[in-house]
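Below is one structure, written out as structure tokens; comments come after it.
The values are calculated or read from the model by the stated rules, or taken from the named source; none is laboratory data. Computed from a predicted structure; not experimentally measured. Here the Cβ positions follow ideal geometry from the backbone for every residue, glycine too, while neighbour counts run over all protein chains shown. These area figures cover heavy atoms from the full protein model, side chains too; ligands, DNA and RNA do not enter into them. Shrake-Rupley method; radii C 1.70, N 1.55, O 1.52, S 1.80 Å.
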Amino acid sequence: MGLFFDGIIESMPLFAKELVAGGVAGGLAKTAVAPLERVKILFQTRKAEFRSIGFFGSFEKIAKTEGIKGFYRGNGASVARIVPYAALHYMAYEQYRRWIIKRFPDIGRGPALDFVAGSFAGGTAVLFTYPLDLVRTKLAYQVVGPPEINVVGVVNREQVYRGILDCFSKTYKVSGLRGLYRGVAPSLYGIFPYAGLKFYFYEEMKRHVPHEQKKNIMVNPVCGSVAGLLGQTFTYPLDVVRRQMQVQRVLASNSPELKGTMETLIMIAKSQGWKQLFSGLSINYLKVVPSVAIGFTVYDIMKSSLRVPSHDEAVIEVVTNKRNTRTSSLRS
């Protein structure tokens with residue numbers, strides 16, 4: 001059996017190994033923090049109902065009205081989004097990094113390279129998976145009453161979508177393809193600096209780890225946690241803007257219509273106060289620390305298991321291939 005799996009691993013192209021490693025890392029990290037993600041979204045979009053009762057009160061309310069399943073409402077769409085998103089994100093980061101080194105062999109191998117590669121990788125992943133993120137947010141936004149109050153003849157008006165496919169279908173019917181990408185602009189504005197900073201801080205921190213400590217199991221989680229915290233702090237207001245734009249169609253008809261990214265940001269600051277732009281940030285810190293730590297750690301473990309070359313080995317391979325190509329060209 002071991003030889004069988006060894007054969008499969010050896011036959012897989014490099015990008016496929018990176019896709020698998022990234023997908024597994026993203027799925028495990030997202031599921032681990034799903035309850036915190038649900039509360040964070042409700043903090044961002046249902047200020048009056050949830051911010052007023054606080055963090056623990058919100059957990060208690062969800063548990064009473066929806067049960068344990070309530071903490072994972074929208075998580076199916078979240079995992080369905082994060083697996084391809086994380087797979088594309090990590091793979092694109094590695095590919096962009098190798099492409100930059102190949103095209104510009106004299107460029108420095110410092111944190112600037114990781115920032116550029118991470119930024120473009122984040123944008124690429126968002127464009128391909130954004131509709132799933134929008135569906136996840138709409139499902140998580142819904143607060144469904146307990147089963148005993150849903151008696152015959154009484155329709156729960158809050159239950160707008162019955163599941164992932166139903167949400168996709170209704171959103172597309174009402175707003176078309178454009179509706180499935182509502183809020184994508186702040187997502188891109190946010191993901192470029194966030195993804196870039198996340199990889200920048202992670203790789204830069206690992207570079208400063210003493211050689212004798214590099215194999216310590218706590219290195220990757222600690223570096224990943226700090227990288228996620230710093231990256232998220234700088235870009236969090238755009239995340240709030242994105243969430244509110246995504247749930248606009250579910251809000252009451254008398255709510256002011258949200259238009260562009262900057263208009264929405266200004267409207268939130270004027271009508272709800274600038275603090276609303278950081279609503280749920282404390283919960284997000286609790287979520288980001290384990291999520292990014294788990295993500296980077298699992299990704300590095302998966303890369304090792306799938307025999308993906310390290311960055312230093314990849315650089316040597318790219319430079320060697322380029323030199324061999326030049327030598328062959330000169331000889332011919």
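Residue-wise HN-Hα couplings along region 100-107, as the Karplus relation 6.51 cos²θ - 1.76 cosθ + 1.60 with θ = phi - 60° gives them from phi, are 4, 5, 5, 6, 10, x, 8, 5 Hz; Gly and Pro carry x.
Less than 13 Å Cβ to Cβ from V24, Lys/Arg counted +1 and Asp/Glu -1: what total charge do the surrounding residues give? Its environment carries a net charge of +1. Applying the Karplus relation 6.51 cos²θ - 1.76 cosθ + 1.60 with θ = phi - 60° to region 284-298 yields 3J(HN,Hα) values of 5, 4, 4, 7, 5, 4, x, 5, 5, 4, 5, x, 5, 5, 5 Hz, where x marks Gly and Pro. Excluding same-chain neighbours fewer than eight residues apart, the lysines reachable from K138 by a Cα-Cα span under 20 Å are K30, K40, K47, K61, K69, K170, K173, K259, K287. For region 1-146, the relative contact order is 34 percent, taking Cα pairs closer than 8 Å that sit 6 or more residues apart in sequence and dividing their mean separation by the residue count. Surface analysis of region 167-303 yields an accessible area of 50 Å² per residue, using protein heavy atoms and a 1.4 Å probe. Protection proxy ranking for 22-34, 68-80, using the average of other Cβ atoms within 10 Å per residue and placing the highest first: 22-34, 68-80. To the nearest 10, the accessible area of T171 is 10 Å² with a 1.4 Å probe. Were the residues from F104 through W274 laid out at 0.36 nm apart, the gain over their Cα-Cα distance would be 56.9 nm.
For the set V219, V20, the ranking by accessible area, highest first and with no ligand, DNA or RNA atoms included, is V20, V219 under a 1.4 Å probe. Heavy-atom accessible area for I301, with the other protein chains in place and a 1.4 Å probe, reaches approximately 100 Å². So, counting K/R as plus one and D/E as minus one, what does the shell of residues with Cβ under 10 Å around N284 add up to? Charge balance in the 10 Å sphere: 0. Taking all protein chains as shown and a probe of 1.4 angstrom, R103 keeps an accessible surface of around 140 Å².
A simple count of charges around G7, restricted to other residues whose Cβ falls under 15 Å of its Cβ and scoring Lys, Arg +1 and Asp, Glu -1, yields 0.
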